[in-house]
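Just below is one structure, and these are the notes that go with it.
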Amino acid sequence: MAVILNLETSTTNCSVCLAVDGTSVAIREQDDANYSHSENLHVFIREVLEEAGISPEGVDAFAVSMGPGSYTGLRIGVSAVKGLCYALDKPLLAIPTLQVLASRYRSVQGVILPLLDARRMEVYSAVYDPELRLLRETRAEIVDETSFALWLERGKVCFTGNGAGKCREVIRHPNAVFPEHREVPSASGMVLLSEEKFKTGGFEDVAYFEPYYLKDFVVTRPKPRL
């Protein structure tokens with residue numbers, strides 16, 4: 001029996017899910033545009049462990065959504081999980097954030113195109129099949145009316161994630177399928193993925209693991225008031 005604590009902090013959603021043998025037993029999450037992750041993350045970790053009646057020492061592995069996504073959000077999640085792994089001498093599992101988004105669409109026909117919002121009309125994207133096998137690597141790209149045309153001509157494309165709205169604005173292809181509501185990654189979408197990695201021994205080196213930012217962090221200076 002594997003007990004895995006999953007952390008997802010790559011977007012505005014601060015999410016913690018405790019899973020036992022690939023089944024969620026407790027979850028806490030809050031989607032906050034103000035990025036209250038630093039205040040909520042350790043509170044949520046404590047609450048899900050208490051709800052399940054499992055001590056931190058009883059966790060077999062800690063999993064984190066590795067990016068791409070918010071620089072600050074990823075740093076908070078990875079710092080927390082590395083601290084737990086060091087303190088408790090437990091293994092670390094890293095799950096691609098775009099795969100976490102794609103995981104809720106395992107039963108669709110066609111391909112899954114998870115999208116994370118970046119700056120302006122830019123998104124982070126990848127392409128998965130319904131078995132969550134990676135068909136096209138993760139990229140940062142500008143969305144326009146010709147984006148993802150190759151995949152759309154082949155069949156249905158299920159767009160998901162908080163970047164899907166940018167595509168909905170400009171892509172009118174009949175094979176494009178968009179979610180009804182804004183979607184953000186959740187730790188619940190990590191449960192089966194982290195369980196599979198645990199079984200195959202897909203652990204990270206805790207000392208050297210870093211989030212997958214995809215792009216360098218850019219500091220913007222406020223414009224002077226006129």
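In region 1-33, how many residues are at pLDDT below 95 and out of contact with any strand residue (DSSP E or B) (no Cβ under 9 Å at 6 or more places or on another chain)?
1
Considering only region 156-210, state which residues are polar (S, T, N, Q), surrounded by 13 or more Cβ atoms within 10 Å (Cβ to Cβ) and outside any loop (DSSP other than H, G, I, E, B). Lay out the reasoning, then the answer.
Taking region 156-210 and keeping what is polar (S, T, N, Q), we get 160, 162, 175, 186, 188, 194, 200.
Subset that is surrounded by 13 or more Cβ atoms within 10 Å (Cβ to Cβ): 160, 162, 175, 186, 188, 194.
Listed by number, the residues that qualify are T160, S188, S194.
Tally the residues that are closer than 11 Å to P68 by Cα, surrounded by fewer than 21 Cβ atoms within 10 Å (Cβ to Cβ) and not β-branched (V, I, T), restricting the search to region 119-142.
At the first step, the residues of region 119-142 found to be closer than 11 Å to P68 by Cα are 123-126, 138-140.
Keeping just the survivors that are surrounded by fewer than 21 Cβ atoms within 10 Å (Cβ to Cβ) gives 138-140.
Imposing the further condition that a residue be not β-branched (V, I, T) reduces the set to 139-140.
Number satisfying all stated conditions: 2.
Which number in (1) farther than 15 Å from S186 by Cα; (2) among the small types (G, A, S); (3) crowded, with 19+ Cβ neighbours inside 10 Å marks the one condition that G69 misses?
(1)
Looking at L193, is it aliphatic (A, V, I, L, M) and closer than 30 Å to V25 by Cα? Steps first, answer last, please.
On the way: aliphatic (A, V, I, L, M): yes; closer than 30 Å to V25 by Cα: yes.
Here the answer is yes, as L193 does meet what is asked.
So in region 19-41, with the set limited to residues that are among the hydroxyl-bearing types (S, T, Y) and assigned to a loop (DSSP other than H, G, I, E, B), which one is nearest to the chain's Cα centre (by Cα)? Outline the logic, then answer.
Here is the first cut: in region 19-41, the ones among the hydroxyl-bearing types (S, T, Y) are 23-24, 35-36, 38.
Filter once more, keeping what is assigned to a loop (DSSP other than H, G, I, E, B): 35-36.
Details: Y35: 15, S36: 17 Å.
Of everything passing the filter in region 19-41, Y35 is nearest to the chain's Cα centre (by Cα).
L150 - would you say it is surrounded by 15 or more Cβ atoms within 10 Å (Cβ to Cβ) and either in a loop (DSSP other than H, G, I, E, B) or modelled with pLDDT of 95 or more (or both)?
On the way: surrounded by 15 or more Cβ atoms within 10 Å (Cβ to Cβ): no; either in a loop (DSSP other than H, G, I, E, B) or modelled with pLDDT of 95 or more (or both): yes.
Spelling it out, it is not the case that L150 is surrounded by 15 or more Cβ atoms within 10 Å (Cβ to Cβ) and either in a loop (DSSP other than H, G, I, E, B) or modelled with pLDDT of 95 or more (or both).
Could you please tell me which pairs satisfy a Cβ distance under 8 Å, a separation of 6+ or placement on different chains, a first residue in region 63-74 that is free of Cβ contacts under 8 Å to residues at least 40 places away in the same chain, and a second residue that is part of a helix (DSSP H, G or I)?
T72/H37
Looking only at residues in region 42-98 that are polar (S, T, N, Q) and in a helix (DSSP H, G or I), which one is nearest to the chain's Cα centre (by Cα)?
Looking only at region 42-98, we keep the residues that are polar (S, T, N, Q), and these are 55, 65, 70, 72, 79, 97.
From what is left, the residues that are in a helix (DSSP H, G or I) are 72, 79, 97.
On the way: T72: 14, S79: 16, T97: 3 Å.
Among residues in region 42-98 that are polar (S, T, N, Q) and in a helix (DSSP H, G or I), the one nearest to the chain's Cα centre (by Cα) is T97.
Quick check on my filter: what residues within region 4-18 are under 11 Å from the mean Cα position of the chain (by Cα) and of a type outside the set (V, I, T)?
The answer is N6, L7, E8, S10, N13, C14, S15.
The values are calculated or read from the model by the stated rules, or taken from the named source; none is laboratory data. Note that this is a predicted model, so its numbers are computed, not measured. Cβ sites come from the backbone with ideal geometry, for glycine too, and all protein chains shown count toward neighbours.
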